[in-house]
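Asker: Below is a structure I'd like to ask you about.
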Amino acid sequence: MKLQPTTTNLLPQLKVCGLTKQGQIQELIAMNTDFLGFIFYEKSPRYVLNHLSLEEISTLEHRGKVGVFVNEEVDIIVKIVQHANLNFVQLHGDESNDFITELRQKLNPEVGIIKVIRIGSNTAENQNKITQILDLQQATCNLQPITYYLFDTDSKAFGGTGKQFDWNMLNEFEIPLPYFLSGGISEENIENIDTLKQQPFALDINSKFETEPGNKNIDRIKKFKTLYQQNK
């Protein structure tokens, strides 16, 4: 079972989230972007179904199509995954372990699950939150419901803030799965990723590379990708 796009190097892979425009998606595919993120949260300004249909997403020839969901019903997620031919489900809300286990059972085994851990400004509260989530994952590891974690900055809007959380907090934990790093990643802080003891499996970029919500600056994304490759 292959759960991630193939890669020929050890660099962090790249996910561009909040996509809404067909032409920009094709440009990102042409530049070998590893993951394409589509937001299925109606309150988001990047809600993909305001711009693209499930059929249009299903016809995209890419192995890293990620559907982002926030506190959605299991059966609705499964239906969208099937109709849009998604490769990954990203859970960005407050989904319980029981919810994730049920979702895992109903999804095609080839579909991976990315669980987001949202990090706020209260250090003690965040450390406790991360500890509880990681301990719970280890306690149920025989079920293997989660493929990757994703660490993002907490917000009432569930992401897309363009703000960075304290990445040093991740050095306090042994993270049992590969993880995506998100939250305000840009050219200005790319070098700080080297301070992480456990390097991210992938970088997740969004609002920092937009001219408006859902409208990506492809040239800037290309320059960013070149920069972090050179930085390694």
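The values are calculated or read from the model by the stated rules, or taken from the named source; none is laboratory data. Just so you know, these numbers come straight off a predicted model, no measurement behind them. Note: ideal-geometry Cβ built from the backbone for every residue, glycine included; neighbour counts use all protein chains shown. Side chains included, ligands, DNA and RNA excluded: accessible areas come from the protein's heavy atoms. Shrake-Rupley method; radii C 1.70, N 1.55, O 1.52, S 1.80 Å.
Asker: Return only the number of the condition from (1) part of a helix (DSSP H, G or I); (2) surrounded by 18 or more Cβ atoms within 10 Å (Cβ to Cβ) that G183 does not satisfy.
Answerer: Exception for G183: condition (1).
Asker: Filter the range 73-97 down to the residues that are farther than 25 Å from E56 by Cα, assigned to a loop (DSSP other than H, G, I, E, B) and open to solvent by 10 Å² or more (accessible area, probe 1.4 Å) and list them by number. Before you say what the answer is, go through the steps one by one.
Answerer: To start, the set of residues in the range 73-97 that are farther than 25 Å from E56 by Cα comprises 93-97.
So of that shortlist, the ones also assigned to a loop (DSSP other than H, G, I, E, B) come out as 93-96.
Within the range 73-97, D94, E95, S96 meet the criteria.
Asker: Of V66, V70, which residue is buried (at least 19 other Cβ atoms within 10 Å of the Cβ) and within 16 Å of A202 (Cβ to Cβ)?
Answerer: One residue alone meets the criteria, V66.
Asker: Please name all residue pairs, on different chains or six or more residues apart, with Cβ atoms under 9 Å, provided the first residue is in the range 197-213 and is farther than 13 Å from I114 by Cβ and in a strand (DSSP E or B) and the second residue is modelled with pLDDT under 95 and aliphatic (A, V, I, L, M).
Answerer: Final answer for the pair search is L203/I185; L203/I190; L203/I193; I205/I185.
Asker: Mind telling me which of the residues L49, L3 ends up being open to solvent by 20 Å² or more (accessible area, probe 1.4 Å), of a type outside the set (V, I, T) and at pLDDT below 95? Give the derivation first.
Answerer: Values: L49 fails: at pLDDT below 95.
Only one candidate passes the filter, namely L3.
Asker: Let me ask something else about it. Evaluate the range 13-29: report whether one residue or more is farther than 20 Å from F151 by Cα and in a loop (DSSP other than H, G, I, E, B). Give the steps one after another, and end with the answer.
Answerer: Applying the first criterion (farther than 20 Å from F151 by Cα) to the range 13-29 yields 20-29.
After this cut, where a residue has to be in a loop (DSSP other than H, G, I, E, B) as well, the list is 20-21.
Yes, the range 13-29 contains a residue that is farther than 20 Å from F151 by Cα and in a loop (DSSP other than H, G, I, E, B).
Asker: Also, quick follow-up: Name every residue in the range 33-66 that is in a strand (DSSP E or B) and either more than 18 Å from T147 (Cα to Cα) or in contact with a helix residue (DSSP H, G or I) (Cβ under 6 Å, 6 or more places away or on another chain) (or both), in order of residue number.
Answerer: We begin by selecting, within the range 33-66, every residue in a strand (DSSP E or B); these are 35-39, 47, 65-66.
Across the range 33-66, the qualifying residues are F38, I39, Y47.
Asker: Say we look at the range 120-140 and pick out the residues that are under 21 Å from the mean Cα position of the chain (by Cα) and not in a helix (DSSP H, G or I); which of these is modelled with the highest pLDDT?
Answerer: G120
Asker: Please work out if L19 is open to solvent by less than 20 Å² (accessible area, probe 1.4 Å), modelled with pLDDT of 95 or more and over 18 Å from the mean Cα position of the chain (by Cα).
Answerer: Numbers: open to solvent by less than 20 Å² (accessible area, probe 1.4 Å): yes; modelled with pLDDT of 95 or more: yes; over 18 Å from the mean Cα position of the chain (by Cα): no.
No.
Asker: Looking only at the range 153-203, how many residues end up being modelled with pLDDT under 90 and closer than 21 Å to V70 by Cα?
Answerer: Selection size over the range 153-203: 15.
Asker: For the range 98-113, check the following and say yes or no: at least one residue is under 13 Å from the mean Cα position of the chain (by Cα), open to solvent by 20 Å² or more (accessible area, probe 1.4 Å) and among the basic types (K, R).
Answerer: Pass one, the range 98-113, residues under 13 Å from the mean Cα position of the chain (by Cα): 112-113.
Going one step further and asking which of them are open to solvent by 20 Å² or more (accessible area, probe 1.4 Å), we end up with none.
Within the range 98-113 (the criterion being under 13 Å from the mean Cα position of the chain (by Cα), open to solvent by 20 Å² or more (accessible area, probe 1.4 Å) and among the basic types (K, R)), the answer is no, since none of the residues qualifies.
Asker: Same structure, new question: Can you tell me which residues in the range 22-43 are open to solvent by 20 Å² or more (accessible area, probe 1.4 Å), closer than 29 Å to T226 by Cβ and not aliphatic (A, V, I, L, M)?
Answerer: Of everything in the range 22-43, those that are open to solvent by 20 Å² or more (accessible area, probe 1.4 Å), closer than 29 Å to T226 by Cβ and not aliphatic (A, V, I, L, M) turn out to be Q22, G23, Q24, Q26, E27, N32, D34.
Asker: Evaluate the following for L28: is it over 16 Å from E110 (Cβ atoms) and modelled with pLDDT under 95? Step through it out loud before you land on a result.
Answerer: On the way: over 16 Å from E110 (Cβ atoms): yes; modelled with pLDDT under 95: no.
When the stated conditions are applied, L28 does not pass them.
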